[in-house]
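The values are calculated or read from the model by the stated rules, or taken from the named source; none is laboratory data. Quick caveat: nothing in here was measured; it's all calculated off a predicted structure. Here the Cβ positions follow ideal geometry from the backbone for every residue, glycine too, while neighbour counts run over all protein chains shown. The area values use the complete protein model at the heavy-atom level, side chains included, leaving out ligands, DNA and RNA. Shrake-Rupley method; radii C 1.70, N 1.55, O 1.52, S 1.80 Å.
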Amino acid sequence: MADQEFPGWHGTTIIGVRKGGQVVVAGDGQVSLVGVKEPALGSTIACAGDLLELTWSPCGRWLLGGCRDKALLLVDVAAGTADRIVDFPAPVHNVAVSPAADAMVASGAFRVVGWRLPDLPFGTHDGTPIETGKPGLTLVDRIAVHPSRDLCAVGYGTGLVMLCRIGHGDEMLVREGTGDAVTALAWSDDGAHLAIGGTDGGLSIATFPNNMFK
């Protein structure tokens, strides 16, 4: 495929791909939808925020983005409109969708923030909020949802890593705080291993027994 430039795509961009051949490119206060097989510029939706990442909802209706300016971006792709949930205590580094829990969760607060799908907060509608884990005095810096279970790994600025059940107060300690903030969390495809990256440049791997989640 030949390189192709579109108006408004300058500076930093975030790219998200949806199954079925559609790509979204975000930057300069807008998101643009592009076909993969026929890379012509599709619809463009205005949205504010300094995006850190983007993810699609499983139904393909929503684009969800975490923002550096302490906000969560929601884009209703079908309606061509966008809204923001603002005043998070910290930048929202991660937004994730858990099909097993049927929920969207995000970092950037003193506990994992979340809502039930498809009833997300938008405009004057509050959505259906859920509570995950226990509130604390340390901000949630990073999250990662389990690939097949209603679980979420949670990383903190202290280096502490917990495992929470989405929509419940259950928590399990995965790693004690090291003093170095967690900067990345990622599950293996089979959900047996959790990779943990930190500001010290180190990488830890937590491995869970096969019968642990039965």
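Condition test on Arg142, is it modelled with pLDDT of 95 or more, open to solvent by 50 Å² or more (accessible area, probe 1.4 Å) and within 20 Å of Gly114 (Cα to Cα)? Write out each step before concluding.
On the way: modelled with pLDDT of 95 or more: yes; open to solvent by 50 Å² or more (accessible area, probe 1.4 Å): no; within 20 Å of Gly114 (Cα to Cα): yes.
No, not satisfied.
Tell me yes or no: at least one residue of the range 178-194 is of a type in the set (Ser, Thr, Tyr) and outside any loop (DSSP other than H, G, I, E, B). Steps first, please.
The first filter runs over the range 178-194 and keeps only residues of a type in the set (Ser, Thr, Tyr), leaving 178, 183, 188.
Keeping just the survivors that are outside any loop (DSSP other than H, G, I, E, B) gives 183.
Looking through the range 178-194, at least one residue is of a type in the set (Ser, Thr, Tyr) and outside any loop (DSSP other than H, G, I, E, B).
With respect to (1) modelled with pLDDT under 90; (2) assigned to a loop (DSSP other than H, G, I, E, B), the lone exception for Ser43 is condition (2). Against the criterion of being crowded, with 23+ Cβ neighbours inside 10 Å and among the β-branched types (Val, Ile, Thr), Val113 does not qualify.
Per-residue answers, yes or no, for (1) closer than 24 Å to Asp141 by Cα; (2) at pLDDT 85 or above:
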{"site": "Gln22", "(1), (2)": "no, no"}
{"site": "Gly27", "(1), (2)": "yes, no"}
{"site": "Glu38", "(1), (2)": "no, no"}
{"site": "Leu52", "(1), (2)": "yes, yes"}
{"site": "His93", "(1), (2)": "yes, yes"}
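For the condition open to solvent by 60 Å² or more (accessible area, probe 1.4 Å) and either modelled with pLDDT of 95 or more or within 22 Å of Ala184 (Cβ to Cβ) (or both), Phe88 does not qualify.
Looking at Leu64, Leu120, which is the one that is open to solvent by less than 10 Å² (accessible area, probe 1.4 Å), part of a loop (DSSP other than H, G, I, E, B) and aliphatic (A, V, I, L, M)? Quick ask: steps written out before the conclusion?
Values: Leu64 fails: part of a loop (DSSP other than H, G, I, E, B).
Of Leu64, Leu120, the one residue that is open to solvent by less than 10 Å² (accessible area, probe 1.4 Å), part of a loop (DSSP other than H, G, I, E, B) and aliphatic (A, V, I, L, M) is Leu120.
In the list Gly201, Gly177, which residue meets the criterion of being open to solvent by less than 50 Å² (accessible area, probe 1.4 Å) and modelled with pLDDT under 95?
Numbers: Gly201 fails: open to solvent by less than 50 Å² (accessible area, probe 1.4 Å).
It is Gly177.
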